[in-house]
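Some notes on the structure that comes next.
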Amino acid sequence: MAKKQNILLIIIDCLGADFVYKKGNSYIPTIDKIKKEGFFFTNTIATTTTTTPSFASFLTGLYPFQNGVRSHSGYSLKKDIKTFPEILKENGYNTYAEVTGPLGKEIALSKGFDKYNYRLKKEIIHSEFGNKLIEKLKNEYKSPWFLMLHIWSLHEPRIVIDQCRSKKYGNTKYGRALASIDVYLSRLLKEIDDDTLVIIIGDHGEYIANSKIDKFWKTLRFRSFRIMKKIGLIKKPFALGVKNFHISHGYSVYDKLLRIPLIFYNKKLVKPGNTEKQVRQIDIFPTIFDILKIEFKNEIEGISLFPLIYGKDIKTKDAYVEAVGIVIPNKDEWLAGLRIDNKYKYIYYPFRKDNLEELYDLENDPQENNNIANQNKELIKKFRKKIKGMKTEKLTGEKLSEEDQKRITKRLKALGYMD
């Protein structure tokens, strides 16, 4: 019987594609090496721009309206949905998760894990936790193992180690925090064997400030907008209002927050290369199983990207995207959209009565500055019909108990998601 490969899935919270794929990444040599020697997808689209539903999407291969998890709270994963760690367990894998932030057990993302270790945000990879994790890799995890490692150090407040405080490691605190993560990954990856399948992804991207002055003015304008919106001086939707001066994530579905890195690395199983084809976060699940030659019977929305790794062409699918939940308390501000084959981005507000819509020509306007919705009524009609056909407006998974909701609320307040 052939030996089963260990699997290391590294999810770096708030890691956008631009920060990994831009040229001159000398300050992240470990990630850059994995990228160059593995296969990477330059246009991987996250399902949402917040952590919990993004995790639910790649663990199930389903969109939020299908798996029931659309936010950090309120509902947990539908009971009849099987996660890919559950399938790995059925195929002889020992499954481990090391998570933090909003990813408590209440949302049921722990399904299929032998050990689901939730740690406080102070237990960062640069603390004793990181040292213990390396010891676990060496002495505790039983092969064949699957480890899902969630790294929080790039999330605000970003963590920069002493070694990476100079501009040599990036011009922003974000860049230096990413360089700090890279230093740790260098240590971690030395402890795995060559047979291990390594996957590096982000859960969503991040708007950042490019300097302290930039951060000051963006924060001032952002807070001013929120106040004016609250007292009724501004009527425009929240996402439109904060587009050019927002920091963080969760409020929009523009590419800055949706495009994430996706890298597969294994010298035996993965041919080096890359593709600009549009792929989706929900495609990660079936791709892992195709690489490892593991069959599964789940009916999922994601498709395997394995043919692309070996130079074959496949018909990729439109990417449904959304921004909903506690980060945007007012349902009138919730967003949904389609990203169509690297060509168009269509965005609308499913619960507003005025049918406000946005359309961007991604080929000629990759920064999404020019809304061409009014000039393209037929395209708008076509894309709106596609989304309506997906029946995306269902909002319920498994409703959380009052006790679970209280625990989540307390956690989210401590993380700064709620007042």
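Any chance you could check the Cα centroid distance between region 248-284 and region 122-167 for me, in angstrom? Taking the Cα centre of each part, region 248-284 and region 122-167 sit 22 Å apart. Working from Cα pairs under 8 Å separated by at least six residues, relative contact order for region 1-141 is 14 percent. For the chain, adding -39500 (n - 2.57) for each run of n ≥ 4 DSSP H residues and dividing by the number of residues yields -9000 deg cm²/dmol at 222 nm. Among 78-87, 36-45, sorting by the average number of other beta carbon atoms lying within 10 angstrom of each residue, highest first, gives 36-45, 78-87.
Residue separation of E90 and K381 scaled by 0.36 nm, minus their Cα-Cα distance, works out to 100.3 nm of gained length.
Sorted into 10 angstrom bins from 0, the C-alpha pair distances of region 302-380 split as 17, 38, 29, 13, 2 percent. As a rough guide to protection, the peptides 337-343, 308-314 ranked by mean Cβ packing within 10 Å, highest first, stand as 337-343, 308-314. Taking the centroid of alpha carbons for each part, region 348-412 and region 54-81 are 16 Å apart. Model label points for K293 and K413, set 7 angstrom from Cα along the Cα-to-Cβ axis, are 5.4 nm apart. Taking Cβ atoms as reference points and 10 Å as the exclusive limit, the residues near E140 contribute a net charge of +4, counting Lys and Arg as +1 and Asp and Glu as -1.
How about K377: which lysines have a C-alpha closer than 17 Å to its C-alpha, ignoring those fewer than 8 places off in the same chain? Reachable lysines: K343, K345, K385, K386, K388.
Taking every alpha-carbon pair under 8 Å whose residues sit at least 6 apart, region 345-408 reaches a relative contact order of 21 percent.
The ranking of S180, S143, S304, S26 by Cβ neighbour count inside 10 Å, starting from the fewest, reads S26, S143, S304, S180. The residue list F84, I134, G68 was ranked by how far each Cα lies along the charge dipole of region 62-145 toward its positive end, using unit charges on Cβ atoms, and G68 comes out on top. Quick check for you: which residues of region 1-31 have the amide N under 19 Å from the point 7 Å beyond the Cα of D195 toward its beta carbon? Those under the cut-off are 1-9. Extension gain for N274 to F351 (0.36 nm times residue separation, less C-alpha to C-alpha distance): 23.9 nm.
Karplus-derived 3J(HN,Hα) values for region 103-110, using 6.51 cos²θ - 1.76 cosθ + 1.60 with θ = phi - 60°, are 8, x, 6, 4, 7, 6, 6, 7 Hz; glycine and proline are entered as x. Normalised by the number of residues in region 247-316, the average gap of Cα pairs under 8 Å and 6 or more apart makes the relative contact order 30 percent. Charges were assigned to the Cβ only: +1 to each Lys and Arg, -1 to each Asp and Glu. The resulting dipole of the chain about its Cα centre is roughly 820 debye.
A short reminder: the numbers here are calculations on the coordinates, not readings from a lab. Since this is a predicted model, take the numbers as computed values, not measurements. Don't worry about glycine lacking a Cβ; one is built from the backbone with ideal geometry, like all the others, and counts go over all protein chains shown.
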